[in-house]
Amino acid sequence: MVLRTLLRAVIVGPPGSGKGTVSDRIVKTFGLKHLSSGDLLRSNINDKSEIGLVARAYIDQGQLVPDDVMTRLILQELKVLEQHCWLLDGFPRTVTQAASLDKAYQVDTVLNLNVPFETIKQRLTARWIHPASGRIYNTDFNPPKIPGIDDATGEPLIQREDDKPETVIKRLQAYEAQTKPVLDYYRSNGVLETFSGTETNKIWPHVHAFLACKLPVVNKTETSP
Ligand code: AMP
């Protein structure tokens, strides 16, 4: 079997799908360079770069940064990574971005984490906060002794706006509407690889096995399934 040395991959998954954890494990195990469009934009905003100033106006309004700005930024970063395998995260978000990326690089595989909405909703809505102290509880891993009540003060706990079920459902629906055309694009190109499940630790061995056929493992410890 011939192992291709320069794998170009994209990872896609809704908020709460475990994409961050899986990306970290891929990077540690296979030594890919991870490029997150959100992180890149935030660092440009911090640096007050020209692109950062443009991007901020859109991000603050909850809108996507225009395709031409985004594509220029990502392609510029990928030039630096020309000699490396990479994992793109958060880009492409539109079919126009996907087509521009295709013109510059051959995307070998798109890892799509498919976690049921109900599971994600449960994960994202599990966080409860005691506003006065900032104490955080998680109803799955670290529940308060009495549901909805702070252990130390007996005061009621609240949910952040972002963690409320109705907000989470809206975020997931927006994600699905936005991402579907990109997934369809890659499906029709034959590079979409979907990994379904409800637990990151059960999805990971499948991602690992899939990538291990394409890439040498550089680090066997800690993240091996
Ligand atoms: P993220 O951390 O990936 O959720 O990105 C934060 C924000 O950056 C998003 O809500 C968008 O406004 C913007 N953004 C990130 N990636 C892209 C992209 N590929 N295209 C357009 N806007 C993006």
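Tabulated data
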| quantity | calculated |
| --- | --- |
| Test: residue in region 4-16 that is over 24 Å from ALA177 (Cα atoms) and either among the charged types (D, E, K, R) or in a strand (DSSP E or B) (or both) | yes |
| Hits in region 27-43 (condition: surrounded by 20 or more Cβ atoms within 10 Å (Cβ to Cβ) and over 28 Å from ILE169 (Cα atoms)) | THR29, PHE30, LEU32 |
| PRO216, sole failed condition from (1) assigned to a loop (DSSP other than H, G, I, E, B); (2) of a type outside the set (Phe, Trp, Tyr); (3) more than 30 Å from LYS103 (Cβ to Cβ) | (3) |
| Given (1) more than 8 Å from the ligand (Cβ to nearest atom); (2) closer than 22 Å to LYS214 by Cα, index of the condition ALA57 fails | (2) |
| Count of region 82-120 residues which are within 30 Å of PRO165 (Cβ to Cβ) and either surrounded by fewer than 16 Cβ atoms within 10 Å (Cβ to Cβ) or within 16 Å of the ligand (Cβ to nearest atom) (or both) | 16 |
| Residue match in region 43-59 (condition: of a type outside the set (A, V, I, L, M, F, W, C), closer than 30 Å to ILE146 by Cβ and touching a residue at least 24 places away in the same chain (Cβ under 8 Å)) | no |
| Some residue of region 32-46 being within 11 Å of the ligand (Cβ to nearest atom) and of a type in the set (Asp, Glu) | yes |
| Only one of ALA57, ALA99, ALA9 that is under 21 Å from ARG187 (Cβ atoms), out of contact with any strand residue (DSSP E or B) (no Cβ under 6 Å at 6 or more places or on another chain) and not acidic (Asp, Glu) | ALA99 |
| Residue under evaluation VAL27, criteria (1) in contact with a strand residue (DSSP E or B) (Cβ under 8 Å, 6 or more places away or on another chain); (2) of a type outside the set (Ser, Thr, Tyr); (3) within 16 Å of the ligand (Cβ to nearest atom), criterion not met | (3) |
| Flag if ILE129 is among the β-branched types (Val, Ile, Thr) and either touching a helix residue (DSSP H, G or I) at 6+ places or on another chain (Cβ under 7 Å) or closer than 30 Å to LEU64 by Cα (or both) | yes |
| Qualifying residue in region 131-145 (condition: on the phi > 0 side of the Ramachandran plot and either out of contact with any Lys or Arg (no Cβ under 9 Å at 6 or more places or on another chain) or at pLDDT 95 or above (or both)) | yes |
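The values are calculated or read from the model by the stated rules, or taken from the named source; none is laboratory data. The shown structure was predicted, so the numbers you read here are calculated from the model rather than taken from an experiment. Backbone-built Cβ (ideal geometry, glycine too); neighbour counts: all protein chains shown.
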